[in-house]
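The values are calculated or read from the model by the stated rules, or taken from the named source; none is laboratory data. Everything quoted here is computed from the prediction, not taken from an experiment. Backbone-built Cβ (ideal geometry, glycine too); neighbour counts: all protein chains shown.
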Amino acid sequence: MLRLLFASIVASSLVACADIEGDSPGECTDGADNDRDGTYDCDDADCAGAPDCAADTADTSDSADTSDTGDTGTDTDTLWTHPAAGGVASCGITTEGKTLCWGDNSYGQGTPPDGVFSQLSGTFYDTCGVTPEGFASCWGCQGEDEGQCDVPVGSYASISAGTHHTCAVDTAGALSCWGCETDLGQCDAVDRTALQVSAGSQHTCARLDDGTLACWGSNAFGQSASPVGTYTDVSSGAFHSCAVASSGAAICWGCDGESGGVSTDHGQCTPAVTTFSKVAAGYYHSCGIKTDGTLSCWGCQGEDAGGSVDLGQCKVPSGTYTDLALGKWHGCAVRTDGVMKCWGSNYFGQTNPP
């Protein structure tokens, strides 16, 4: 289980929820710190004795059922253009223009509104999308609404859902972020024209119009210390970031430090020495599409809170791909032929696209 919030660093900024974690079914295994006390799920004393923690412990141990790792999705007749994976849920846009979601729907993040979307982004509590006309909306946030679903009026080119905040680039290239009731500066967008933005847990990174990077928010693990140079893609994970340099090399940062005496570096900042066209940063893992179209993932090494961080999220399916997205312990990617392939933990059915 993740225990990456340094209480000593952020305790003064955390805003506790009125609800006690574990007082609703599924809260202790939804992959989130619902009561914002800095301790996740079954590591939280508020979840002690919860029946679903026993199942979660079994699912995250080294003896976990092998059917919960690797490529767990089954091919269907549905063809896709774009994936979105957040927390323990997944969504995608079909070639017919439909938005479909699967996996956890505890907060309504798996119930998209009517309409056609051209881009999606998901996280634990909500999913956001932009229509071809530039209209942006977010759905979910039920019971965990800190304003991240309250999209300001505007015309948008892209949107990115973070754990407790949302950021977007409008059609003029201006950056904006909202939410951030738990404010560590992740909503303090730079006043620069941007091509892309990616919201993490407590930080945000953007690729600017000159190809350079800008990051803001928490830098507790070095995740906001963006490297110099020019880049073609950027992705903010929970507490680390990755980008594709103009040379094609993948570069990741934000694996410095410890949480609860456990190193935060599980290999998610050490990509393969090859060239990439796209990269995605998750929690304890990262993935990318190499320039030959195949997938590569790294991380998933070591132990966290006594359990393995490897649930198959680094065991990529074969084939060539055009787009990918990562959740907490899983990933989904659109194959060149339009088939959606998902891999990793399937505890909530998040790797079984319809």
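All but one of (1) farther than 23 Å from Tyr321 by Cα; (2) assigned to a loop (DSSP other than H, G, I, E, B) hold for Glu96, so report the exception by its number. Result: Glu96 fails condition (1) only.
Scanning segment 328-351 for residues being touching a strand residue (DSSP E or B) at 6+ places or on another chain (Cβ under 6 Å) and over 15 Å from His82 (Cβ atoms) gives a total of 9. Among the residues of segment 277-312, those that are part of a loop (DSSP other than H, G, I, E, B), surrounded by 19 or more Cβ atoms within 10 Å (Cβ to Cβ) and either of a type in the set (A, V, I, L, M) or not assigned by TED's automatic domain parsing to the domain that holds His240 (or both) comprise Val309, Leu311. So if I check each of Gln142, Gln109, which one is part of a loop (DSSP other than H, G, I, E, B), polar (S, T, N, Q) and modelled with pLDDT of 95 or more? Result of the check over Gln142, Gln109: Gln109.
Give the number of residues within segment 246-276 that are surrounded by 18 or more Cβ atoms within 10 Å (Cβ to Cβ) and in a strand (DSSP E or B).
Restricting attention to segment 246-276, the residues satisfying the condition of being surrounded by 18 or more Cβ atoms within 10 Å (Cβ to Cβ) are 250-255, 259, 264-269, 271, 276.
Checking the rest, the ones that are also in a strand (DSSP E or B) come to 250-253, 259, 276.
Total meeting the criteria: 6.
Of the residues making up segment 128-137, not a single one is assigned by TED's automatic domain parsing to the domain that holds Lys328 and farther than 21 Å from Glu96 by Cα. The set of residues in segment 222-252 that are among the hydrophobic types (A, V, I, L, M, F, W, C) and touching a residue at least 60 places away in the same chain (Cβ under 8 Å) comprises Ala238, Phe239. For Val316, the stated conditions hold: it is within 29 Å of Ser118 (Cα to Cα) and touching a Leu at 6+ places or on another chain (Cβ under 6 Å). Quick one: would you say His203 is modelled with pLDDT under 95 and closer than 28 Å to Ile251 by Cα? In short, no.
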